[in-house]
Amino acid sequence: MKKLSFVLSLIMTTMLITMPAEAVTSDELSIDPNCSYILIDSKSGQVLAENNADVKIRPASTTKILTAIVALEEGQFDKEVEVSQEAVFDIGDGGMNIGIMAGETNLTLDNMLNVMLVKSANEAANIIAENVAPSRAEFIERMNKRAAELGAVNTRFYNTNGMDDTEQFKNHLTTARDMAILARHAMTIPKFREIVKQEYYNELPATNKHKEWPDLRTTNKLLWGNNQYPYGPEEDNNKYTVIGIKTGYTSGAGFNLITTAVSEEGTELIAAVMNVKESNDAVINYTKQLYEYGFENYKTQAFVEKDQVLDTVNVMDSKDDGKLQLLASQSLEATLSIDKNLWNIQEEKDIMQDITAPVKQGEVLGSVEYKKDGILLGKVDLIAARGVERSFKASFKETAGNIFHGIFTSWIFRILVLIFVLLLVRKHIRRARYRKRRKRYMANRFK
């Protein structure tokens with residue numbers, strides 16, 4: 001996949017970095033106030049809840065989300081990878097691995113992406129880096145550059161897999177907000193979505209080192225078994241489905257969990273819960289609380305209906321009174337609070353100046369952008385509700401003007417003007433010759 005442009009990435013930056021949540025606290029959610037979390041709408045990037053979201057923390061294996069982004073945007077999925085000794089050895093003290101061996105053959109980049117994201121294997125992340133870029137160091141630089149482009153401005157990584165057990169990696173840091181930004185972008189990549197929703201990955205081929213592999217089960221326990229979870233007062237009817245993404249744990253980082261979930265009516269949220277020191281059960285519990293809060297209080301709602309009247313303009317030179325309604329060309333939906341009093345949606349209209357008849361029904365005459373807390377929710381074209389004919393006076397004036405303009409700009413007119421000028425010049429020359437002959441005649445006569 002081609003990289004997104006830097007300009008578009010900067011736009012995405014503004015969508016998540018400074019937006020406040022709508023007033024939910026850690027106490028209300030029964031979440032440890034010392035941990036970092038953020039809950040966002042996957043479509044728009046709106047922040048629905050947050051705590052310590054900009055505190056720099058260790059990401060552990062959630063680092064691999066960014067590793068995957070770079071690999072998916074730059075690598076060749078079906079390419080066989082080379083496995084170096086350094087890649088399989090450099091996994092950190094107690095680092096997760098599946099026992100890939102140096103010199104192992106018949107493994108592809110696609111295999112390594114699945115192993116890294118499903119089983120969180122550290123050696124797979126190193127192998128990916130060494131096969132996508134000329135060196136692991138260069139790949140890591142690409143990771144940091146891509147993070148900055150996407151708006152993860154407080155992220156700086158020093159390895160591909162989240163190791164933080166040495167002095168060398170003490171500054172391998174990010175924030176919950178940045179991880180939500182990266183996860184949101186990653187979920188726009190179809191291959192990433194396909195991989196991270198799996199409970200098991202069992203498609204590793206036989207190699208020169210392994211005749212077979214065990215089934216690899218995801219480290220994300222929210223995907224184990226039934227990945228649907230109830231919420232709200234009618235739990236039997238209301239369920240959300242977890243569809244990814246990535247876990248992370250080291251003794252220094254604590255338990256980290258970045259997930260995506262979608263409700264039955266299609267609202268998709270992303271939760272990043274990080275720096276949880278208690279247990280894996282605690283980070284899962286906190287994540288569930290965030291989703292319950294989000295799906296109970298927000299849903300996808302239409303805030304503009306197709307053909308809704310959004311403005312009225314005056315049309316110059318119209319046959320009638322010139323009043324023209326502008327309609328929405330389409331419906332717009334967004335994840336919004338169930339309480340409409342909290343919507344606070346701002347409109348930014350851009351309508352053509354000096355609209356002049358004739359106007360066709362359905363003609364685009366402007367647009368409206370809808371924003372909430374500075375985040376773009378959507379944009380809709382403004383179209384003419386009806387056709388507007390031109391007045392007789394304006395039509396006559398225009399027709400006459402066109403006729404005269406046509407005459408004055410036609411080749412025939414130009415030729416006639418040229419002939420007229422030549423005739424004037426000829427006449428002037430003949431008169432000059434006549435005066436000269438008469439003067440000579442008079443001079444000879446009176447000598």
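Computed quantities for the displayed model
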{"read-out": "Residue in region 210-222 that is assigned to a helix (DSSP H, G or I) and of a type in the set (Val, Ile, Thr) present", "value": "no"}
{"read-out": "Test result for ALA176, closer than 19 Å to LEU72 by Cβ and either modelled with pLDDT of 95 or more or under 22 Å from the mean Cα position of the chain (by Cα) (or both)", "value": "no"}
{"read-out": "Given (1) surrounded by fewer than 21 Cβ atoms within 10 Å (Cβ to Cβ); (2) over 17 Å from CYS35 (Cβ atoms); (3) not small (Gly, Ala, Ser), index of the condition GLU278 fails", "value": "(2)"}
{"read-out": "Unique match (being crowded, with 21+ Cβ neighbours inside 10 Å, out of contact with any Cys (no Cβ under 8 Å at 6 or more places or on another chain) and of a type in the set (Gly, Ala, Ser)) among ALA137, ALA152, ALA148, ALA133", "value": "ALA152"}
{"read-out": "Residue selected from region 338-366 under the condition crowded, with 16+ Cβ neighbours inside 10 Å and among the small types (Gly, Ala, Ser), by the criterion nearest to the chain's Cα centre (by Cα)", "value": "GLY366"}
{"read-out": "Verdict on ALA124 being in a helix (DSSP H, G or I), among the hydrophobic types (A, V, I, L, M, F, W, C) and free of Cβ contacts under 8 Å to residues at least 40 places away in the same chain", "value": "yes"}
{"read-out": "Flag if ASP321 is outside any strand (DSSP E or B) and on the phi > 0 side of the Ramachandran plot", "value": "no"}
{"read-out": "Qualifying residues in region 68-96 (those that are surrounded by 19 or more Cβ atoms within 10 Å (Cβ to Cβ) and without any contact (Cβ under 8 Å) to a residue 60 or more places away in the chain) - the one nearest to the chain's Cα centre (by Cα)", "value": "GLY75"}
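The values are calculated or read from the model by the stated rules, or taken from the named source; none is laboratory data. As the structure is a prediction and not an experimental result, all values here were calculated from the model. No Cβ is skipped: glycine too gets one built from the backbone with ideal geometry, and neighbour counts run over all protein chains shown.
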